[in-house]
Amino acid sequence: MADFRATLADAAPDAALPPPLAALWWAKKGDWDQAHRIVMNESDANSAWVHAHLHRVEGDLGNAGYWYRRAGQPVAKDALEAEWERIVSALLA
(Lines give C-alpha, C1' and ligand atoms only; values in the text may rest on other atoms or scores of the structure.)
Protein backbone atom coordinates (compact mmCIF):
# COMPACT_ATOMS: atom_id res chain seq x y z
CA MET A 1 0.00 0.00 0.00
CA ALA A 2 2.78 2.45 0.91
CA ASP A 3 4.49 1.88 -2.45
CA PHE A 4 1.22 2.52 -4.29
CA ARG A 5 0.57 5.68 -2.27
CA ALA A 6 4.10 6.90 -3.05
CA THR A 7 3.31 6.84 -6.78
CA LEU A 8 0.62 9.47 -6.21
CA ALA A 9 3.42 12.04 -6.37
CA ASP A 10 3.95 11.09 -10.04
CA ALA A 11 2.20 12.82 -12.93
CA ALA A 12 0.53 9.61 -14.11
CA PRO A 13 0.11 6.05 -12.87
CA ASP A 14 2.50 3.31 -13.96
CA ALA A 15 1.41 2.09 -17.39
CA ALA A 16 1.65 -1.50 -16.13
CA LEU A 17 -1.10 -1.02 -13.52
CA PRO A 18 -4.25 -3.01 -14.24
CA PRO A 19 -7.27 -0.81 -15.05
CA PRO A 20 -8.92 -1.02 -11.60
CA LEU A 21 -5.76 0.15 -9.82
CA ALA A 22 -5.11 2.85 -12.42
CA ALA A 23 -8.66 4.11 -11.87
CA LEU A 24 -8.16 4.17 -8.10
CA TRP A 25 -4.91 6.07 -8.65
CA TRP A 26 -6.73 8.75 -10.68
CA ALA A 27 -9.57 8.83 -8.17
CA LYS A 28 -7.15 9.55 -5.33
CA LYS A 29 -5.61 12.33 -7.44
CA GLY A 30 -9.08 13.89 -7.69
CA ASP A 31 -9.74 13.09 -11.35
CA TRP A 32 -13.07 11.25 -11.10
CA ASP A 33 -13.73 11.53 -14.84
CA GLN A 34 -10.44 9.87 -15.81
CA ALA A 35 -10.98 7.13 -13.21
CA HIS A 36 -14.49 6.50 -14.50
CA ARG A 37 -13.36 6.41 -18.15
CA ILE A 38 -10.88 3.66 -17.26
CA VAL A 39 -13.36 1.27 -15.62
CA MET A 40 -16.58 2.05 -17.47
CA ASN A 41 -15.86 -0.34 -20.34
CA GLU A 42 -14.13 -3.07 -18.34
CA SER A 43 -16.11 -6.23 -17.61
CA ASP A 44 -14.20 -7.85 -14.74
CA ALA A 45 -15.39 -7.94 -11.13
CA ASN A 46 -12.53 -5.78 -9.81
CA SER A 47 -13.34 -3.00 -12.27
CA ALA A 48 -17.01 -3.25 -11.28
CA TRP A 49 -15.98 -2.86 -7.62
CA VAL A 50 -13.99 0.27 -8.41
CA HIS A 51 -16.85 1.50 -10.59
CA ALA A 52 -19.18 1.08 -7.59
CA HIS A 53 -16.79 3.05 -5.38
CA LEU A 54 -16.62 5.85 -7.94
CA HIS A 55 -20.40 6.16 -8.10
CA ARG A 56 -20.49 6.19 -4.30
CA VAL A 57 -17.96 9.05 -4.37
CA GLU A 58 -20.22 10.82 -6.86
CA GLY A 59 -23.19 10.34 -4.54
CA ASP A 60 -25.13 8.17 -7.02
CA LEU A 61 -25.93 5.36 -4.58
CA GLY A 62 -28.45 3.65 -6.84
CA ASN A 63 -25.88 3.28 -9.61
CA ALA A 64 -23.24 2.29 -7.05
CA GLY A 65 -25.53 -0.49 -5.81
CA TYR A 66 -25.80 -1.89 -9.33
CA TRP A 67 -22.01 -2.01 -9.65
CA TYR A 68 -21.54 -3.57 -6.19
CA ARG A 69 -23.91 -6.36 -7.30
CA ARG A 70 -21.94 -6.79 -10.56
CA ALA A 71 -18.75 -6.99 -8.51
CA GLY A 72 -20.18 -9.51 -6.05
CA GLN A 73 -19.33 -7.14 -3.21
CA PRO A 74 -21.47 -5.85 -0.36
CA VAL A 75 -22.51 -2.20 -0.54
CA ALA A 76 -19.91 -0.21 1.39
CA LYS A 77 -21.12 1.69 4.43
CA ASP A 78 -17.79 2.96 5.78
CA ALA A 79 -15.92 6.15 4.95
CA LEU A 80 -14.91 6.64 1.32
CA GLU A 81 -11.22 6.76 2.28
CA ALA A 82 -11.51 3.48 4.19
CA GLU A 83 -13.21 1.84 1.23
CA TRP A 84 -10.54 3.16 -1.16
CA GLU A 85 -7.82 1.69 1.06
CA ARG A 86 -9.66 -1.62 1.36
CA ILE A 87 -10.05 -1.96 -2.40
CA VAL A 88 -6.44 -0.99 -3.10
CA SER A 89 -5.21 -3.48 -0.48
CA ALA A 90 -7.36 -6.25 -1.95
CA LEU A 91 -6.21 -5.55 -5.50
CA LEU A 92 -2.55 -5.41 -4.52
CA ALA A 93 -2.74 -8.70 -2.59
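Points to keep in mind about this one:
- Contact annotation: residue pairs with Cβ atoms under 9 Å, 6 or more positions apart or on different chains, pairing a residue in segment 65-93 that is touching a residue at least 60 places away in the same chain (Cβ under 8 Å) with a partner that is exposed (fewer than 12 other Cβ atoms within 10 Å of the Cβ) and not in a helix (DSSP H, G or I), are E85/M1; V88/M1; S89/M1; L92/M1.
- Test: residue in segment 5-20 that is in contact with a Leu (Cβ under 7 Å, 6 or more places away or on another chain), crowded, with 20+ Cβ neighbours inside 10 Å, part of a helix (DSSP H, G or I) and modelled with pLDDT of 95 or more: yes
- Residue count for segment 43-92, restricted to those that are aromatic (F, W, Y), open to solvent by less than 10 Å² (accessible area, probe 1.4 Å) and within 10 Å of the chain's Cα centre (by Cα): 1
- In summary, V39 fulfils each of the numbered conditions (1) of a type outside the set (G, A, S); (2) open to solvent by less than 60 Å² (accessible area, probe 1.4 Å); (3) modelled with pLDDT under 95 with the single exception of condition (3).
The values are calculated or read from the model by the stated rules, or taken from the named source; none is laboratory data. No experiment lies behind these values; they were computed from the predicted model shown. No Cβ is skipped: glycine too gets one built from the backbone with ideal geometry, and neighbour counts run over all protein chains shown. These area figures cover heavy atoms from the full protein model, side chains too; ligands, DNA and RNA do not enter into them. Shrake-Rupley method; radii C 1.70, N 1.55, O 1.52, S 1.80 Å.
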